[in-house]
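Heads up, the thing below is written out as C-alpha coordinates.
The values are calculated or read from the model by the stated rules, or taken from the named source; none is laboratory data. Computed from a predicted model, the values in this text were never measured in an experiment. Note that each Cβ is placed from the backbone with ideal geometry, even for glycine, and that neighbours are counted across all protein chains shown. Ligands, DNA and RNA are stripped out before the accessible areas are found, and what is left, the full protein with its side chains, is counted by its heavy atoms. Shrake-Rupley method; radii C 1.70, N 1.55, O 1.52, S 1.80 Å.
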Amino acid sequence: MATVIPPPSKKQKREAQQVRELDLVPKDLPNVLIKFQASDTGETVGGSIRVPGGISEKQLEELLNQLNGQTEEPVPYTFSLLDQKDGQAETLIDIKDSIYSSVLKPGIKTTEDFLTIIYTPRAVFKVNAITRSNAAISGHKSTILCCQFAPNDSGRMCTGAGDSTARVWDCNTQTPLYTLSGHSNWVLCVAYSPCGTMIATGSMDNTIRLWDADTGKQMGSALTGHSKWISSLTWEPLNLVKVGDTPRLASGSKDGTIKVWDTTRRTCTITMSGHTNAVSCVKWSGSNIVYSASHDKTIKAWDITVSGKCIQTLKSHAHWVNHLAISTDYALRKGGFDHSSTRTSSKTISPEDMRAKALEQYEKVAKLGGSISERLVTASDDFTMFLWEPLKSSKPVCRMTGHQKLVNHVSFSPDGRYVASSSFDNSIKLWDGVKGTFIGTLRGHVSAVYQTSWSADNRLLVSCSKDTTLKVWDVRTRKLKVDLPGHSDEVYAVDWSMDGKRVASGGKDKMVRLWGH
(Lines give C-alpha, C1' and ligand atoms only; values in the text may rest on other atoms or scores of the structure.)
Protein backbone atom coordinates (compact mmCIF):
# COMPACT_ATOMS: atom_id res chain seq x y z
CA MET A 1 0.00 0.00 0.00
CA ALA A 2 1.37 3.44 -0.93
CA THR A 3 2.21 5.81 1.92
CA VAL A 4 -0.31 8.65 2.12
CA ILE A 5 1.06 12.03 3.22
CA PRO A 6 -1.14 13.38 6.04
CA PRO A 7 -3.01 16.64 5.34
CA PRO A 8 -1.36 19.80 6.75
CA SER A 9 -2.34 20.76 10.30
CA LYS A 10 -4.04 24.07 11.19
CA LYS A 11 -0.70 25.45 12.41
CA GLN A 12 1.06 24.50 9.16
CA LYS A 13 -1.73 26.12 7.11
CA ARG A 14 -1.48 29.31 9.19
CA GLU A 15 2.30 29.46 8.75
CA ALA A 16 1.99 28.87 4.98
CA GLN A 17 -0.36 31.87 4.65
CA GLN A 18 1.95 34.28 6.48
CA VAL A 19 4.04 36.74 4.45
CA ARG A 20 7.70 35.91 4.92
CA GLU A 21 10.37 38.59 4.93
CA LEU A 22 13.68 37.64 3.38
CA ASP A 23 16.57 39.12 5.34
CA LEU A 24 18.49 40.36 2.32
CA VAL A 25 21.22 42.96 2.65
CA PRO A 26 20.51 45.89 0.25
CA LYS A 27 23.10 46.09 -2.53
CA ASP A 28 23.46 49.88 -2.29
CA LEU A 29 24.18 49.82 1.49
CA PRO A 30 27.00 52.33 2.22
CA ASN A 31 30.07 51.54 4.32
CA VAL A 32 30.12 52.20 8.08
CA LEU A 33 32.90 53.45 10.33
CA ILE A 34 33.73 51.13 13.27
CA LYS A 35 36.34 50.67 15.98
CA PHE A 36 37.06 47.48 17.97
CA GLN A 37 37.25 47.75 21.77
CA ALA A 38 38.23 44.96 24.21
CA SER A 39 35.54 44.16 26.79
CA ASP A 40 37.99 43.58 29.66
CA THR A 41 40.77 46.18 29.19
CA GLY A 42 38.84 48.80 27.20
CA GLU A 43 41.74 49.07 24.73
CA THR A 44 41.02 49.73 21.05
CA VAL A 45 42.54 47.77 18.17
CA GLY A 46 43.44 49.21 14.76
CA GLY A 47 41.78 52.64 15.20
CA SER A 48 38.82 53.64 12.98
CA ILE A 49 38.08 51.22 10.14
CA ARG A 50 35.62 51.58 7.26
CA VAL A 51 33.77 48.31 6.58
CA PRO A 52 30.72 47.28 4.46
CA GLY A 53 27.38 47.89 6.22
CA GLY A 54 26.42 44.25 5.70
CA ILE A 55 29.61 42.77 7.20
CA SER A 56 28.86 39.44 8.91
CA GLU A 57 29.91 38.24 12.35
CA LYS A 58 32.36 35.77 10.78
CA GLN A 59 33.96 38.53 8.67
CA LEU A 60 34.31 40.75 11.76
CA GLU A 61 36.08 37.83 13.47
CA GLU A 62 38.49 37.39 10.55
CA LEU A 63 39.22 41.14 10.43
CA LEU A 64 39.92 41.33 14.17
CA ASN A 65 42.22 38.29 14.04
CA GLN A 66 44.13 39.97 11.19
CA LEU A 67 44.50 43.19 13.20
CA ASN A 68 45.71 41.20 16.23
CA GLY A 69 48.11 39.15 14.07
CA GLN A 70 46.35 35.89 14.95
CA THR A 71 45.74 34.55 11.45
CA GLU A 72 47.66 31.29 12.12
CA GLU A 73 45.53 30.35 15.14
CA PRO A 74 42.37 32.49 14.92
CA VAL A 75 40.51 33.18 18.17
CA PRO A 76 36.68 32.96 18.15
CA TYR A 77 34.95 36.16 19.35
CA THR A 78 31.50 37.46 20.21
CA PHE A 79 30.64 41.04 19.23
CA SER A 80 28.32 43.64 20.74
CA LEU A 81 27.52 47.22 19.80
CA LEU A 82 28.10 49.82 22.52
CA ASP A 83 24.96 51.96 22.37
CA GLN A 84 24.83 55.15 24.42
CA LYS A 85 21.96 57.59 24.03
CA ASP A 86 22.05 61.11 25.51
CA GLY A 87 22.04 61.01 29.29
CA GLN A 88 21.29 57.28 29.43
CA ALA A 89 23.43 54.39 30.58
CA GLU A 90 25.46 52.43 28.06
CA THR A 91 23.83 49.29 26.70
CA LEU A 92 25.33 46.41 24.74
CA ILE A 93 23.47 45.02 21.71
CA ASP A 94 24.65 41.59 20.57
CA ILE A 95 25.60 41.30 16.90
CA LYS A 96 24.16 37.92 15.92
CA ASP A 97 24.41 37.55 12.11
CA SER A 98 25.61 40.83 10.63
CA ILE A 99 25.80 44.54 11.46
CA TYR A 100 22.91 45.15 9.06
CA SER A 101 20.45 42.67 10.62
CA SER A 102 21.39 43.43 14.27
CA VAL A 103 22.02 47.21 14.19
CA LEU A 104 21.03 48.99 10.97
CA LYS A 105 17.77 47.22 10.05
CA PRO A 106 16.19 47.63 13.56
CA GLY A 107 17.12 51.34 13.38
CA ILE A 108 19.41 51.31 16.43
CA LYS A 109 22.11 53.15 14.43
CA THR A 110 22.43 54.49 10.87
CA THR A 111 25.28 54.17 8.38
CA GLU A 112 26.30 57.73 9.28
CA ASP A 113 26.94 56.85 12.95
CA PHE A 114 30.33 55.82 14.35
CA LEU A 115 30.00 52.28 15.76
CA THR A 116 31.99 51.02 18.75
CA ILE A 117 32.17 47.22 18.56
CA ILE A 118 32.96 45.51 21.88
CA TYR A 119 34.66 42.15 21.39
CA THR A 120 34.95 39.27 23.88
CA PRO A 121 37.05 36.13 23.24
CA ARG A 122 34.96 32.97 23.28
CA ALA A 123 36.27 29.73 24.75
CA VAL A 124 38.75 28.32 22.24
CA PHE A 125 37.45 24.81 22.88
CA LYS A 126 33.86 23.71 22.36
CA VAL A 127 31.88 21.54 24.77
CA ASN A 128 29.62 18.95 23.14
CA ALA A 129 26.06 18.72 24.40
CA ILE A 130 25.42 15.89 26.85
CA THR A 131 23.09 13.45 25.10
CA ARG A 132 22.79 10.24 27.10
CA SER A 133 23.08 8.59 30.49
CA ASN A 134 26.35 6.68 30.79
CA ALA A 135 25.75 5.22 34.23
CA ALA A 136 23.29 5.00 37.10
CA ILE A 137 25.24 4.16 40.25
CA SER A 138 23.63 3.14 43.51
CA GLY A 139 25.28 3.47 46.90
CA HIS A 140 23.54 6.18 48.88
CA LYS A 141 20.71 4.95 51.11
CA SER A 142 18.87 8.27 51.11
CA THR A 143 18.16 11.37 48.99
CA ILE A 144 21.21 12.95 47.31
CA LEU A 145 21.28 16.66 48.18
CA CYS A 146 24.47 18.04 46.55
CA CYS A 147 27.20 17.09 44.08
CA GLN A 148 30.41 18.65 42.78
CA PHE A 149 33.19 17.65 40.37
CA ALA A 150 36.85 18.07 41.34
CA PRO A 151 38.39 21.20 39.73
CA ASN A 152 41.39 19.25 38.37
CA ASP A 153 39.80 16.04 37.14
CA SER A 154 36.43 15.12 35.62
CA GLY A 155 37.06 11.53 36.79
CA ARG A 156 36.35 12.49 40.42
CA MET A 157 33.03 13.67 41.80
CA CYS A 158 31.65 14.02 45.34
CA THR A 159 28.04 13.78 46.53
CA GLY A 160 26.38 14.44 49.90
CA ALA A 161 23.16 12.74 50.99
CA GLY A 162 20.54 12.29 53.67
CA ASP A 163 22.17 9.03 54.83
CA SER A 164 24.80 11.09 56.80
CA THR A 165 27.59 10.22 54.33
CA ALA A 166 29.36 11.83 51.42
CA ARG A 167 30.80 9.68 48.65
CA VAL A 168 33.59 10.15 46.13
CA TRP A 169 32.94 8.48 42.76
CA ASP A 170 35.34 7.36 40.06
CA CYS A 171 33.58 8.61 36.91
CA ASN A 172 35.99 6.84 34.55
CA THR A 173 35.11 3.36 35.85
CA GLN A 174 31.64 4.46 37.05
CA THR A 175 32.14 3.00 40.51
CA PRO A 176 32.04 4.31 44.12
CA LEU A 177 35.57 5.11 45.30
CA TYR A 178 35.32 6.23 48.95
CA THR A 179 32.54 6.59 51.49
CA LEU A 180 33.16 9.61 53.74
CA SER A 181 31.56 8.50 57.02
CA GLY A 182 31.61 10.51 60.23
CA HIS A 183 28.62 12.86 60.18
CA SER A 184 25.60 11.92 62.31
CA ASN A 185 22.98 13.72 60.21
CA TRP A 186 22.24 14.79 56.63
CA VAL A 187 25.17 16.11 54.58
CA LEU A 188 23.83 19.36 53.12
CA CYS A 189 26.84 20.71 51.17
CA VAL A 190 30.13 19.50 49.70
CA ALA A 191 32.95 21.64 48.28
CA TYR A 192 36.29 20.79 46.68
CA SER A 193 39.18 23.12 47.53
CA PRO A 194 40.43 25.14 44.50
CA CYS A 195 43.75 23.25 44.71
CA GLY A 196 41.84 19.95 44.36
CA THR A 197 43.46 18.29 47.40
CA MET A 198 40.67 18.60 49.99
CA ILE A 199 36.92 18.12 50.25
CA ALA A 200 34.81 19.92 52.87
CA THR A 201 31.41 18.62 53.93
CA GLY A 202 28.81 20.47 56.01
CA SER A 203 26.03 18.69 57.84
CA MET A 204 22.85 19.03 59.87
CA ASP A 205 24.88 17.74 62.85
CA ASN A 206 26.32 21.33 63.08
CA THR A 207 29.85 20.23 62.11
CA ILE A 208 32.18 20.53 59.12
CA ARG A 209 34.60 17.76 58.21
CA LEU A 210 37.64 17.88 55.94
CA TRP A 211 38.74 14.92 53.81
CA ASP A 212 41.79 14.12 51.72
CA ALA A 213 40.55 14.11 48.10
CA ASP A 214 43.08 11.47 47.03
CA THR A 215 42.61 8.91 49.82
CA GLY A 216 39.12 9.68 51.17
CA LYS A 217 40.54 9.76 54.73
CA GLN A 218 39.29 12.31 57.24
CA MET A 219 41.82 15.06 58.05
CA GLY A 220 41.74 15.41 61.83
CA SER A 221 38.65 15.93 63.93
CA ALA A 222 35.44 17.73 62.97
CA LEU A 223 35.30 21.54 62.92
CA THR A 224 32.82 22.45 65.65
CA GLY A 225 31.50 25.83 66.71
CA HIS A 226 28.20 26.40 64.92
CA SER A 227 25.09 25.83 67.06
CA LYS A 228 22.82 24.90 64.14
CA TRP A 229 23.24 23.11 60.82
CA ILE A 230 25.70 24.15 58.10
CA SER A 231 23.91 25.59 55.07
CA SER A 232 26.79 26.68 52.82
CA LEU A 233 30.58 26.29 52.37
CA THR A 234 33.05 28.38 50.37
CA TRP A 235 36.84 28.09 50.00
CA GLU A 236 39.35 30.94 49.98
CA PRO A 237 40.25 31.67 46.32
CA LEU A 238 43.65 30.36 45.27
CA ASN A 239 44.84 33.79 44.08
CA LEU A 240 44.65 35.02 47.71
CA VAL A 241 46.44 32.07 49.32
CA LYS A 242 50.08 32.66 50.26
CA VAL A 243 52.44 30.12 48.67
CA GLY A 244 52.99 27.28 51.11
CA ASP A 245 49.68 27.84 52.96
CA THR A 246 46.49 25.83 52.58
CA PRO A 247 43.31 27.71 51.62
CA ARG A 248 40.96 28.70 54.43
CA LEU A 249 37.28 27.75 54.52
CA ALA A 250 34.20 29.87 55.31
CA SER A 251 30.90 28.39 56.44
CA GLY A 252 27.39 29.78 56.81
CA SER A 253 24.91 28.32 59.25
CA LYS A 254 21.26 28.35 60.28
CA ASP A 255 22.48 29.96 63.54
CA GLY A 256 22.96 33.24 61.61
CA THR A 257 26.77 33.34 61.80
CA ILE A 258 29.61 32.94 59.30
CA LYS A 259 32.88 31.36 60.46
CA VAL A 260 36.30 31.34 58.80
CA TRP A 261 38.40 28.24 59.53
CA ASP A 262 42.16 27.69 59.43
CA THR A 263 42.25 24.28 57.71
CA THR A 264 45.80 23.49 58.90
CA ARG A 265 45.36 24.22 62.61
CA ARG A 266 41.66 23.26 62.43
CA THR A 267 40.55 26.33 64.41
CA CYS A 268 37.98 29.06 63.84
CA THR A 269 39.88 32.31 63.22
CA ILE A 270 36.97 34.72 62.60
CA THR A 271 33.29 34.60 63.58
CA MET A 272 31.08 37.12 61.77
CA SER A 273 27.70 37.74 63.36
CA GLY A 274 25.21 40.39 62.33
CA HIS A 275 22.44 38.51 60.56
CA THR A 276 19.25 38.10 62.58
CA ASN A 277 18.17 34.89 60.84
CA ALA A 278 19.60 31.81 59.10
CA VAL A 279 22.44 32.30 56.59
CA SER A 280 21.42 30.58 53.34
CA CYS A 281 24.52 31.10 51.16
CA VAL A 282 28.13 32.30 51.51
CA LYS A 283 30.64 33.11 48.75
CA TRP A 284 34.31 34.15 49.06
CA SER A 285 35.23 36.61 46.32
CA GLY A 286 38.59 37.14 44.63
CA SER A 287 38.93 40.56 46.27
CA ASN A 288 38.95 38.92 49.75
CA ILE A 289 35.36 39.80 50.63
CA VAL A 290 32.97 37.14 51.96
CA TYR A 291 29.35 37.72 50.93
CA SER A 292 26.50 36.16 52.90
CA ALA A 293 22.80 35.95 52.03
CA SER A 294 20.29 35.43 54.80
CA HIS A 295 16.65 34.78 55.63
CA ASP A 296 16.66 38.22 57.34
CA LYS A 297 16.24 39.66 53.75
CA THR A 298 19.76 41.18 53.68
CA ILE A 299 23.10 40.45 52.04
CA LYS A 300 26.26 41.42 53.94
CA ALA A 301 29.82 41.96 52.72
CA TRP A 302 32.60 41.08 55.21
CA ASP A 303 36.19 42.25 54.75
CA ILE A 304 38.45 39.33 55.72
CA THR A 305 41.59 41.52 55.70
CA VAL A 306 40.13 43.54 58.62
CA SER A 307 39.21 40.50 60.75
CA GLY A 308 35.73 40.09 59.28
CA LYS A 309 34.41 43.66 59.53
CA CYS A 310 31.00 44.18 57.88
CA ILE A 311 31.61 46.81 55.18
CA GLN A 312 28.26 46.73 53.40
CA THR A 313 24.67 45.64 54.07
CA LEU A 314 22.51 45.30 50.97
CA LYS A 315 18.79 45.72 51.64
CA SER A 316 16.21 45.57 48.84
CA HIS A 317 14.61 42.14 48.98
CA ALA A 318 11.18 41.77 50.56
CA HIS A 319 11.61 38.11 51.60
CA TRP A 320 14.24 35.46 52.33
CA VAL A 321 17.35 35.59 50.17
CA ASN A 322 17.84 32.00 48.92
CA HIS A 323 21.02 32.15 46.90
CA LEU A 324 23.75 34.43 45.60
CA ALA A 325 26.34 34.20 42.84
CA ILE A 326 29.48 36.21 42.06
CA SER A 327 30.49 36.97 38.45
CA THR A 328 33.88 35.29 39.07
CA ASP A 329 32.50 32.12 40.75
CA TYR A 330 33.59 29.77 37.98
CA ALA A 331 37.13 31.19 37.67
CA LEU A 332 37.59 30.99 41.46
CA ARG A 333 36.31 27.42 41.62
CA LYS A 334 38.71 26.12 38.99
CA GLY A 335 41.70 27.88 40.64
CA GLY A 336 44.87 27.23 38.66
CA PHE A 337 43.33 24.50 36.48
CA ASP A 338 41.58 24.66 33.13
CA HIS A 339 39.69 22.39 30.70
CA SER A 340 42.89 20.53 29.74
CA SER A 341 43.96 19.66 33.34
CA THR A 342 44.18 16.03 34.38
CA ARG A 343 44.78 14.35 37.70
CA THR A 344 48.43 13.56 36.83
CA SER A 345 49.28 16.91 35.20
CA SER A 346 47.84 18.84 38.17
CA LYS A 347 50.40 17.22 40.50
CA THR A 348 53.34 18.48 38.44
CA ILE A 349 52.37 22.18 38.69
CA SER A 350 54.28 24.10 41.38
CA PRO A 351 52.22 26.07 43.96
CA GLU A 352 53.71 29.35 42.62
CA ASP A 353 52.64 28.57 39.04
CA MET A 354 49.22 27.46 40.20
CA ARG A 355 48.67 30.68 42.14
CA ALA A 356 49.86 32.80 39.17
CA LYS A 357 47.52 30.92 36.80
CA ALA A 358 44.62 31.32 39.26
CA LEU A 359 45.25 35.09 39.45
CA GLU A 360 45.44 35.35 35.66
CA GLN A 361 42.18 33.43 35.17
CA TYR A 362 40.45 35.49 37.88
CA GLU A 363 41.52 38.85 36.40
CA LYS A 364 40.43 37.79 32.92
CA VAL A 365 36.83 37.47 34.12
CA ALA A 366 36.84 40.16 36.84
CA LYS A 367 38.09 43.02 34.66
CA LEU A 368 35.55 45.25 32.92
CA GLY A 369 36.88 48.24 31.01
CA GLY A 370 40.32 47.80 32.55
CA SER A 371 39.33 47.70 36.24
CA ILE A 372 38.28 44.88 38.58
CA SER A 373 34.50 44.78 38.86
CA GLU A 374 32.97 41.82 40.71
CA ARG A 375 29.21 41.73 40.38
CA LEU A 376 26.78 39.95 42.64
CA VAL A 377 23.32 38.59 41.87
CA THR A 378 20.88 37.51 44.60
CA ALA A 379 17.71 35.40 44.37
CA SER A 380 14.80 35.56 46.76
CA ASP A 381 11.42 34.20 47.82
CA ASP A 382 9.98 37.59 46.72
CA PHE A 383 10.11 36.30 43.06
CA THR A 384 12.85 38.83 42.17
CA MET A 385 16.60 39.09 41.83
CA PHE A 386 18.94 42.03 42.21
CA LEU A 387 22.25 42.74 40.50
CA TRP A 388 24.79 44.55 42.72
CA GLU A 389 28.23 46.07 42.56
CA PRO A 390 28.66 45.96 46.34
CA LEU A 391 32.10 47.59 46.53
CA LYS A 392 30.81 50.64 44.63
CA SER A 393 27.33 51.15 46.06
CA SER A 394 24.79 49.70 48.49
CA LYS A 395 22.08 50.38 45.90
CA PRO A 396 21.37 47.65 43.31
CA VAL A 397 22.41 48.11 39.68
CA CYS A 398 19.15 46.55 38.53
CA ARG A 399 16.01 44.82 39.79
CA MET A 400 15.38 41.67 37.78
CA THR A 401 11.71 40.74 37.64
CA GLY A 402 9.71 38.24 35.63
CA HIS A 403 9.52 35.02 37.61
CA GLN A 404 6.05 34.12 38.90
CA LYS A 405 7.24 32.13 41.92
CA LEU A 406 10.23 32.04 44.26
CA VAL A 407 13.70 32.04 42.69
CA ASN A 408 15.72 29.14 44.04
CA HIS A 409 19.14 29.34 42.37
CA VAL A 410 21.25 31.76 40.30
CA SER A 411 24.52 31.18 38.46
CA PHE A 412 26.86 33.35 36.38
CA SER A 413 28.27 31.93 33.16
CA PRO A 414 32.04 31.17 33.31
CA ASP A 415 32.85 34.44 31.48
CA GLY A 416 30.45 36.48 33.65
CA ARG A 417 28.39 37.66 30.62
CA TYR A 418 25.15 35.87 31.48
CA VAL A 419 23.10 34.96 34.55
CA ALA A 420 20.76 31.96 34.67
CA SER A 421 17.99 31.88 37.28
CA SER A 422 15.97 28.80 38.28
CA SER A 423 12.51 29.18 39.73
CA PHE A 424 9.59 27.21 41.14
CA ASP A 425 7.52 28.65 38.24
CA ASN A 426 8.99 25.80 36.04
CA SER A 427 11.20 28.17 34.02
CA ILE A 428 14.81 29.29 33.69
CA LYS A 429 15.49 32.89 32.72
CA LEU A 430 18.62 34.33 31.12
CA TRP A 431 19.87 37.81 32.00
CA ASP A 432 22.74 40.07 30.93
CA GLY A 433 25.51 39.61 33.52
CA VAL A 434 26.76 43.21 33.24
CA LYS A 435 23.58 45.29 33.04
CA GLY A 436 21.04 42.83 34.48
CA THR A 437 18.67 43.21 31.50
CA PHE A 438 16.36 40.34 30.57
CA ILE A 439 17.43 38.18 27.61
CA GLY A 440 14.98 35.29 27.40
CA THR A 441 13.04 32.48 29.06
CA LEU A 442 13.86 28.79 28.73
CA ARG A 443 10.63 26.78 28.96
CA GLY A 444 10.37 23.00 28.89
CA HIS A 445 10.26 21.76 32.46
CA VAL A 446 6.79 20.92 33.79
CA SER A 447 7.65 21.36 37.45
CA ALA A 448 9.92 23.44 39.72
CA VAL A 449 13.51 23.94 38.49
CA TYR A 450 16.00 23.45 41.33
CA GLN A 451 19.44 24.16 39.89
CA THR A 452 21.48 24.97 36.77
CA SER A 453 25.11 24.40 35.77
CA TRP A 454 27.06 25.98 32.90
CA SER A 455 29.36 24.29 30.40
CA ALA A 456 32.94 25.59 30.50
CA ASP A 457 32.60 27.31 27.09
CA ASN A 458 29.47 29.37 28.07
CA ARG A 459 27.46 27.94 25.15
CA LEU A 460 25.31 25.39 27.01
CA LEU A 461 23.35 25.18 30.25
CA VAL A 462 22.00 22.09 32.04
CA SER A 463 19.07 22.24 34.47
CA CYS A 464 17.53 19.76 36.94
CA SER A 465 13.95 19.72 38.08
CA LYS A 466 11.22 18.26 40.25
CA ASP A 467 9.82 16.72 37.01
CA THR A 468 12.61 14.02 37.21
CA THR A 469 14.43 15.24 34.07
CA LEU A 470 17.57 17.15 33.17
CA LYS A 471 17.51 19.45 30.16
CA VAL A 472 20.39 20.89 28.12
CA TRP A 473 19.79 24.36 26.63
CA ASP A 474 21.54 26.21 23.83
CA VAL A 475 22.23 29.69 25.23
CA ARG A 476 22.60 31.40 21.84
CA THR A 477 19.31 30.19 20.34
CA ARG A 478 17.61 29.94 23.79
CA LYS A 479 16.11 26.61 22.75
CA LEU A 480 16.05 23.14 24.29
CA LYS A 481 18.92 21.12 22.86
CA VAL A 482 18.55 17.75 24.64
CA ASP A 483 15.95 16.30 27.01
CA LEU A 484 17.48 13.85 29.50
CA PRO A 485 14.97 11.56 31.25
CA GLY A 486 16.34 8.78 33.46
CA HIS A 487 15.82 9.62 37.12
CA SER A 488 12.72 8.12 38.70
CA ASP A 489 12.13 10.99 41.14
CA GLU A 490 12.98 14.66 41.76
CA VAL A 491 16.52 15.76 40.81
CA TYR A 492 18.03 18.13 43.39
CA ALA A 493 21.68 18.46 42.33
CA VAL A 494 23.52 18.82 39.03
CA ASP A 495 27.09 19.75 38.07
CA TRP A 496 29.03 19.98 34.78
CA SER A 497 32.69 18.98 34.89
CA MET A 498 35.37 21.60 34.17
CA ASP A 499 36.50 19.90 30.94
CA GLY A 500 32.92 19.57 29.66
CA LYS A 501 33.05 15.78 29.31
CA ARG A 502 30.48 14.85 31.95
CA VAL A 503 27.43 15.97 33.85
CA ALA A 504 26.55 14.41 37.22
CA SER A 505 23.15 14.50 38.88
CA GLY A 506 21.47 13.13 42.00
CA GLY A 507 18.16 13.38 43.80
CA LYS A 508 15.30 11.68 45.57
CA ASP A 509 15.75 8.31 43.81
CA LYS A 510 19.15 7.88 45.66
CA MET A 511 20.93 7.20 42.33
CA VAL A 512 23.96 9.06 41.02
CA ARG A 513 23.68 9.47 37.26
CA LEU A 514 26.59 10.30 34.98
CA TRP A 515 25.79 11.77 31.57
CA GLY A 516 28.07 11.96 28.51
CA HIS A 517 28.02 12.51 24.76
Going down the table (259/435; 58/471; 405/471; 357/392), which pairs top 23 Å between alpha carbons?
259/435; 58/471; 357/392
Over 20 Å apart: what share of the alpha carbon pairs of segment 94-173 falls there, rounded to a whole percent?
61 percent
Gain on full stretching of the segment that runs from residue 170 to residue 31 - 0.36 nm per residue minus C-alpha separation:
44.3 nm
Rounded to the nearest whole number, the per residue volume of the convex hull around the C-alpha atoms of segment 128-274 in Å³ is 131 Å³
Counting as exposed only GluC sites (Glu not before Pro) in DSSP loop states with no more than 14 other Cβ atoms inside 10 Å, the longest exposed-site-free span of the chain is 113-517
Indicate the gyration tensor shape class of segment 216-267 (rounded, prolate or oblate), computed on the Cα atoms with a ≥ b ≥ c the square roots of the eigenvalues: a/c under 1.5 is rounded; otherwise a/b larger than b/c is prolate and the rest oblate.
oblate
Label points 7 Å out from Cα along the Cβ direction at residue 108 and residue 141: separation in nm?
5.8 nm
Projected onto the charge dipole of the chain (+1 at Lys/Arg Cβ, -1 at Asp/Glu Cβ, origin at the Cα centre), which of 244, 302, 165 gives the Cα projection farthest towards the positive end?
165
When only C-alpha pairs under 8 Å and at least 6 residues apart count, what is the relative contact order of the chain, in percent?
12 percent
Note on the chain: C-alpha Rg/Rh, Kirkwood Rh, two decimals, gives 0.99
Listed by chain and number, the aspartates and glutamates with an alpha carbon less than 13 angstrom from that of residue 508, same-chain partners under 8 positions apart left out, are 163, 467, 489, 490
Can you give me the angle between helix 57-67 and the longest principal axis of the chain, using Cα atoms only, in degrees from 0 to 90, rounded to the nearest 10?
80 degrees
Taking only Cα atoms of segment 422-512, the Rg to Rh ratio with Kirkwood Rh works out at 0.96
Got a number for carbon plus sulfur as a percent of the chain's accessible area, 1.4 Å probe?
49 percent
Only sites in a loop by DSSP and with at most 11 other Cβ atoms within 10 Å count here; which trypsin sites (Lys or Arg not before Pro) in segment 131-201 make the cut?
141
Per DSSP helix of 4 or more residues, -39500 (n - 2.57); summed, then divided by the residues of the chain. What does that give at 222 nm, rounded to the nearest 500?
-2500 deg cm²/dmol
Using a 1.4 Å probe, how large is the accessible area of residue 398, given in Å² and rounded to the nearest 10?
30 Å²
Solvent exposure, largest accessible area first (probe 1.4 Å, DNA, RNA and ligands not counted), of 502, 399, 478
399, 478, 502
Calculated FRET value between residue 50 and residue 305, using beta carbons and R₀ = 51 Å, to 0.05:
0.55
Pairs of lysines in segment 273-338 (C-alpha under 24 Å apart; 8 or more residues apart or interchain):
9
